[in-house]
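For reference, the structure discussed in these notes is given below.
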Amino acid sequence: MTDLPARYPGQTQLGLVIDLDLCVGCHACATACKEWNTGGHMAPLPDFNAYGDGAWGVWFNRIHSFEEGEGDGARTVHFPKSCLHCEDAACVTVCPTGASYKRAEDGIVLVNESLCIGCKLCSWACPYGAREFDADEGVMKKCTLCIDRIYNANLAPEERQPACVFVCPTKARFFGDLGDPNSAVSELVAARGGKDLMPELGYRPTNKYLPPRRARPYVDDLAPQPLTALLAEAQSAADVANPLLRWVDRLLSR
Amino acid sequence: MHPALSIVFFTTASGAGFALLFLLGLAAPLGLLPQSGWFGFVALATAFILAAAGLVSSVFHLGRPERAWRAFSQWRSSWLSREGVMSVLTFVPAAIFGIGWVFFGETGGLIGLCGFLAAICAAVTIACTGMIYASLKPIHQWHNRWVVPNYFMLGLMAGFLLLDLMIRFWVVRPVGTPLLALLTVLAAWWSKEAYWRFIDTNSAPSTVASATALGSRGPVRMLEPPHTQDNYLLQEMGFRIARKHKTRLRLIARITAFLLPALLSFVALLTAGGTGLIAAALAVISAALGLVIERWLFFAEAKHTVTLYYGAVAV
């Protein structure tokens, strides 16, 4: 059934936290995602015209780059985006066949490919563009939060996390239970003021984005100092704290 | 949004078909239509063929058409599923009503009741079609109060124009249908203009800042897209129509869908026999063309929030 699972307090809600301060936009998460998932639960992730002009294909993770602010206060923000595994996932409720579903036990949103009719309505209902159509198989595909890694007993325990999180060289991505207010990821979100994307639409996304911290006020240390500043500095040498330097200063000032 | 021809044809054809069925199911039991079994056959066949052709066309939009039957299962949450269920359900009372009218010349009693039921089901089906679009929050041009009335009024307009044309083969000078056709064309025109005014003066609450949770330092703009080539999201949801084409197409839609059918219905109202018949037929042809353009624009002018991640500032 495409009804969303019943909610209860403390429900497990697995998801990602992405630190926009740390992401350097290297696309490693997107590549690792593609590599794992083209052989994983939703495999394959087809590419078309892969080696020529007009190449396109299915990716579950895409890295956008934005600029925020103007002039000295501006900064570049690299912005990885994948499925946010929303609490109120309209991609699930609009599905006419029951192919799209949200797991009650961990909140992961998945597609049952053998039920999907390829009507694409779920991709229209997703404000974030998390779903991509597989034109080869005629079905919709999406991020599985690496369901075949996080519960995979054949992997070493430290590898049981989504490929995008595991590969991130700057550790800008975190995986955990956002339904538990005491989990490491929930505490990180609380400490850094983690945000929802498009909260106004009411999808209640699970994944959170940590906004870039405010930069220190800009100080130009390398600019040539004006002569008046140097003179003022010489005159106030009497304030020098080090007694040895004070003595040298007095000696030289004679 | 990408205007897929299968969907444009589906919404226009089944909209007209179900609206015609709505009118027949309502008017025939009340004795407002020619009682002839042949009239019933022609009118109901037209309604059934339009509705069914639209539904069949929608199946061609699917990636897996052979699994289309699965779409009847999720009526509890999905408007697309509800539309599928209601469209099939409508054919049950409509078939009984049709058999009674065409083969037994009966439009009263139980047959009439089935007619009313078919009318109600047909109206609900049209509303469900509209709700498929109106329920999608990421598309501001669809998620608004004008979409369902638009679908209903445009369907009704097509239904009345068709009914007036068909009646003219049996009645030399009908009065009610051309008048009602004229009035519904004007009402549909008004509702479409109201929709256009709404989308021209309104944009979604979502912006590039809310989509990225950025903006505390100042305006947010795209620096680099995630990929240099196209992808599914841009093909399906990034469809853009040039402003000058939009203006021109709206003008063509205004003329062909509303102005010409209104004028021709007026001519049909004042004339009888051959002239009236030709006017009514031209009104149907013009409206059919206009509705297809109008529906194409309904998709082409719709902007999805995903484009905010690809350089759009507002949607």
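Readers should treat all values here as calculations from the given coordinates under stated rules, not as data from a laboratory. As the structure is a prediction and not an experimental result, all values here were calculated from the model. Cβ placement follows ideal geometry from the backbone for every residue including glycine, while neighbour counts extend to all protein chains displayed.
With a ≥ b ≥ c taken as the square roots of the eigenvalues of the C-alpha gyration tensor of segment B:67-222, please select rounded if a/c is under 1.5 and otherwise prolate if a/b is larger than b/c or oblate if it is not? The shape class here is oblate. Counting only residues 5 or more places away or on other chains, whose amide H sits under 5 Å from the amide H of A:Gly57 once H atoms are built in the peptide plane? Amide H neighbours of A:Gly57, under 5 Å, 5+ apart: A:Phe48, B:Tyr232. Taking θ as phi - 60° and the Karplus parameters 6.51, -1.76 and 1.60, the scalar couplings of segment B:262-269 work out to 5, 5, 5, 5, 5, 4, 5, 5 Hz in sequence order, x denoting glycine and proline. Summing Lys and Arg as +1 and Asp and Glu as -1 over all other residues whose Cβ lies under 15 Å from the Cβ of B:Arg248 gives a net charge of +3. Here A:Lys102 is the anchor, and the lysines within straight C-alpha reach of less than 24 Å, apart from those fewer than 8 places off in the same chain, are A:Lys34, A:Lys81, A:Lys120, A:Lys141, A:Lys142, A:Lys195, A:Lys208, B:Lys137. A compact globular protein would have a Cα radius of gyration near 2.2 N^0.38 Å; the ratio found for segment B:229-303 is 1.50. For peptide B:80-88, the mean count of partner chain Cβ atoms within 10 Å of a residue's Cβ comes to 2. Pairs of Cα atoms nearer than 8 Å and 6+ residues apart set the relative contact order; for chain B it is 24 percent.
Look at the alpha carbon pairs under 8 Å that are at least 6 residues apart: their mean separation over the length of chain A gives a relative contact order of 25 percent.
Considering all different alpha carbon pairs of segment B:1-135, the Kirkwood hydrodynamic radius works out to 15.1 Å. Panel order for A:Asp177, B:Asp164, A:Asp249, A:Asp53, by other beta carbons found within 10 Å of each beta carbon, from fewest to most: A:Asp53, A:Asp249, A:Asp177, B:Asp164.
Once both labels are positioned 7 Å from their Cα atoms along Cα-to-Cβ, the gap between A:Val24 and B:Ile120 label points is 6.7 nm.
Candidate cross-link partners of B:Lys246 among the aspartates and glutamates, defined by an alpha-carbon separation under 16 Å and a same-chain spacing of 8 or more, comprise B:Glu193, B:Asp200, B:Glu294, B:Glu301. Among A:29-38, B:87-96, the peptide with the highest mean count of other Cβ atoms within 10 Å heads the list, and the full ranking is A:29-38, B:87-96. Apply the a/c threshold of 1.5 to the C-alpha gyration tensor of segment A:9-51 and tell me whether it is rounded, prolate or oblate. Note, shape of segment A:9-51 comes out oblate. Once the Cβ-Cβ distance between A:Asp88 and B:Trp38 is put in as r, and R0 is 60 Å, what FRET efficiency do you end up with, to the nearest 0.05? In this case the efficiency is close to 0.65.
Please work out the FRET efficiency for the pair A:Ala184 and A:Asn112, using the Cβ-Cβ distance as r and a Förster radius of 35 Å; give the result to the nearest 0.05. Once rounded, the FRET efficiency stands at 0.65. For the protein assembly as shown, the Cβ-based charge dipole about the Cα centre amounts to some 1080 debye (Lys, Arg positive; Asp, Glu negative; other atoms uncharged). Taking B:Ala71, B:Ala262, B:Ala52 as the candidate residues, the one with maximal mean-square fluctuation in a Gaussian network model of chain B, Cα springs under 10 Å, is B:Ala71.
For A:Leu20, the amide hydrogen comes within under 5 Å of the amide hydrogens of A:Leu210, counting only partners 5 or more places away or on other chains and with H modelled in the peptide plane. When B:Thr256, B:Thr201, B:Thr247, A:Thr144 are sorted by how many other C-beta atoms sit within 10 angstrom of their C-beta, beginning with the fewest, the order is B:Thr201, B:Thr247, B:Thr256, A:Thr144. Largest first and in whole Å, the equivalent-ellipsoid semi-axes of chain B read 40, 23, 15, each the square root of five times a Cα gyration tensor eigenvalue. Put simply, the amide H of A:Ser100, placed in the peptide plane, has neighbours under 5 Å in A:Asn112, leaving out anything fewer than 5 places away on its chain.
Dividing the summed helix terms, -39500 (n - 2.57) for each DSSP H run of n ≥ 4, by the number of residues in chain A produces a 222 nm estimate of -5500 deg cm²/dmol to the nearest 500.
Compared with the dominant Cα axis of chain B, that is its longest principal axis, helix B:147-167 is turned about 30°.
Compute the separation of the alpha-carbon centres of segment B:63-140 and segment B:217-262 and state it in Å as a whole number. Cα centroid of segment B:63-140 versus Cα centroid of segment B:217-262: 32 Å apart. Under 13 Å Cα-Cα from A:Lys171, which aspartates and glutamates qualify once same-chain neighbours fewer than 8 residues away are excluded? In chain and number order, the partners are A:Asp19, A:Asp21.
Magnitude of the charge dipole for segment A:94-143, about its Cα centre and with charges confined to Cβ atoms of Lys, Arg (+1) and Asp, Glu (-1), is about 200 debye.
With all pairs of different C-alpha atoms in the average, the Kirkwood value for the hydrodynamic radius of segment A:142-213 is 13.6 Å.
Phi angles of segment A:107-116 translate, via the Karplus equation with coefficients 6.51, -1.76, 1.60 and θ = phi - 60°, into HN-Hα couplings of x, 6, 9, 10, 10, 8, 4, 7, 9, 5 Hz per residue; Gly and Pro are given as x. If you run the Gaussian network model on chain A, springs between alpha carbon atoms under 10 Å, then out of A:Gly39, A:Gly54, A:Gly107 the most flexible one is A:Gly54. Give the separation of the Cα centroids, segment B:267-304 to segment A:182-202, in Å. Between the Cα centre of segment B:267-304 and that of segment A:182-202, the gap is 52 Å. Evaluating 6.51 cos²θ - 1.76 cosθ + 1.60 at θ = phi - 60° for every residue in segment B:136-142, the Karplus couplings come out as 8, 4, x, 10, 4, 6, 10 Hz, glycine and proline recorded as x.
Each listed q (0.17, 0.21 Å⁻¹) maps to a log10 I(q)/I(0) for segment B:85-173 from the Debye sum over equal C-alpha point scatterers, namely -0.85, -1.04. With all pairs of different C-alpha atoms in the average, the Kirkwood value for the hydrodynamic radius of segment A:59-170 is 15.8 Å. Other protein chain C-beta atoms within 10 Å of residue C-beta, averaged over B:198-210: 2. Averaged over the residues of A:95-105, the number of partner chain Cβ atoms lying within 10 Å of the residue Cβ comes to 5.
Dipole of chain A computed with +1 at Lys/Arg Cβ and -1 at Asp/Glu Cβ about the Cα centre; of A:Ala99, A:Trp56, A:Val185, farthest Cα towards the positive end is A:Val185. Cα centroids of segment A:42-91 and segment B:155-208: 42 Å apart.
A Förster distance of 45 Å, applied to the separation of the beta-carbon atoms of A:Ala156 and A:Asp3, puts the FRET efficiency at 0.75. What angle, in degrees between 0 and 90 and rounded to the nearest 10, separates the Cα long axis of helix B:5-27 from the longest principal axis of the Cα atoms of chain B? Tilt of helix B:5-27: around 40 degrees.
Dipole magnitude for segment B:216-315: computed about the Cα centre from +1 point charges on Lys and Arg Cβ and -1 point charges on Asp and Glu Cβ, it is near 400 debye.
Extending 7 Å from the Cα toward the beta-carbon at both B:Val175 and B:Gln229 defines two label points whose distance is 6.8 nm. Dipole of segment B:1-135 computed with +1 at Lys/Arg Cβ and -1 at Asp/Glu Cβ about the Cα centre; of B:Ile99, B:Pro34, B:Met131, farthest Cα towards the positive end is B:Met131.
Note on the protein assembly as shown: Rg/Rh from C-alpha atoms, Kirkwood Rh, equals 1.15. Compare A:Ser186, A:Ser123, A:Ser114 in a GNM of chain A, Cα atoms joined below 10 Å, and give the one with the largest fluctuation. In this elastic network of chain A, the residue with the biggest mean-square fluctuation among A:Ser186, A:Ser123, A:Ser114 is A:Ser114. In chain A, the ratio of gyration radius to Kirkwood radius, Rg to Rh, stands at 1.21 when only Cα atoms are counted. Convex hull volume of the Cα atoms of segment A:1-90, normalised per residue: 192 Å³.
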